[in-house]
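Below is one structure, written out as structure tokens; comments come after it.
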Amino acid sequence: NPSAAFTIDPLPVIVGVPALFIDNSVSPASSISSWFWTWNDTLTSLSSQWGNTYFNPGNYDLCLLIQDQIGCLDSVCSIIQVIPAEVKIPNVITPNNDGKNDRIMPLLAGVPKLTKFRIWNRWGQLVYQTQKQGEGWDGIYQGVKQPMETYLWIAEGLDIDGKIITASGSFILVR
């Protein structure tokens, strides 16, 4: 008997980011000849993979029914959780040149453009700012290693529709 399975790329599924659902089914007796993808009880595709871009966060039912060449069937259903676009920042930076958490930078999910990333020390002094994705702060301000303490940040980016996504918070610099 065949065994239905599929993978999702990328995970997590994010609002506005195309997701690809790929058949990973196996059939020891013969090859798989038919695929039936249903999304929220509606037949969506008859191919071995299917793509979709979700425009609203939420939980969506996705099922795959397969049939092999000798007529055996199997199905698998999964709830696909779609999360909103967001900007996140780790809560600790350890700039000790070990290659782990040496810089703090925004992690962008469904946000293709960073427009602002700023960091302030506890005295309200701006110690870092950038608009470039992939750049981050290394704990140095004006050539001086900054002390272990809590820092505040704000990040802003644009999602695929041009909507402004803003996040803010704090992190701890540990030396």
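Before moving on, here are some points about what is shown:
- When the chain is treated as a GNM with alpha-carbon contacts under 10 Å, the residue of Val26, Val15, Val82 showing the greatest mean-square fluctuation is Val26.
- Each other residue within a Cβ distance under 11 Å of Phe55 adds +1 if Lys or Arg and -1 if Asp or Glu, for a net charge of -2.
- Leading residue at positive end of dipole, the range 14-99 (Cβ point charges), from Gly71, Asn96, Ser33: Asn96
- Other residues lying with their Cβ under 14 Å from the Cβ of Ile79 contribute a combined charge of -2, Lys and Arg counting +1, Asp and Glu -1.
- Accessible area per residue, Å², the range 41-122 with all protein chains present, probe 1.4 Å: 58
- Spin-label zone in the range 70-111 - amide nitrogen under 18 Å from a point set 7 Å from the Cα of Arg175 along the C-beta vector: 92-104
- Taking the chain as a whole, the Cys residues whose C-beta sits 4.7 Å or farther from every other Cys C-beta are Cys72.
- Taking the 1.4 Å solvent-accessible surface of the chain as the whole, the part contributed by carbon and sulfur is 52%.
- Straight Cα distances below 23 angstrom link Lys113 to the lysines Lys88, Lys132, Lys163, with same-chain residues fewer than 8 positions distant left out.
- Rounded to the nearest Hz, the phi-derived 3J(HN,Hα) couplings of the range 162-172 under the Karplus curve 6.51 cos²θ - 1.76 cosθ + 1.60 (θ = phi - 60°) are x, 6, 6, 10, 10, 9, 8, x, 9, 8, 10, where x marks glycine and proline.
- Segment Ser33..Gln69, full-extension length gain: 12.4 nm, with 0.36 nm per residue of separation and the alpha-carbon distance subtracted.
- Cut-off under 5 Å, modelled amide H: who pairs with Thr53 long-range: Ala19
- Residues whose placed amide H lies under 5 Å from that of Asp74, excluding near-sequence neighbours: Ile66
- J(HN,Hα) series, the range 99-107, from Karplus relation 6.51 cos²θ - 1.76 cosθ + 1.60, nearest Hz, glycine and proline x: x, 10, 6, 6, 10, 10, 8, x, 9
The values are calculated or read from the model by the stated rules, or taken from the named source; none is laboratory data. The structure presented is a predicted model; accordingly, all values stated were derived computationally and were not measured. When we count neighbours, we look across all protein chains shown, and the Cβ atoms used for this are built from the backbone with ideal geometry, even at glycine. The area values use the complete protein model at the heavy-atom level, side chains included, leaving out ligands, DNA and RNA. Shrake-Rupley method; radii C 1.70, N 1.55, O 1.52, S 1.80 Å.
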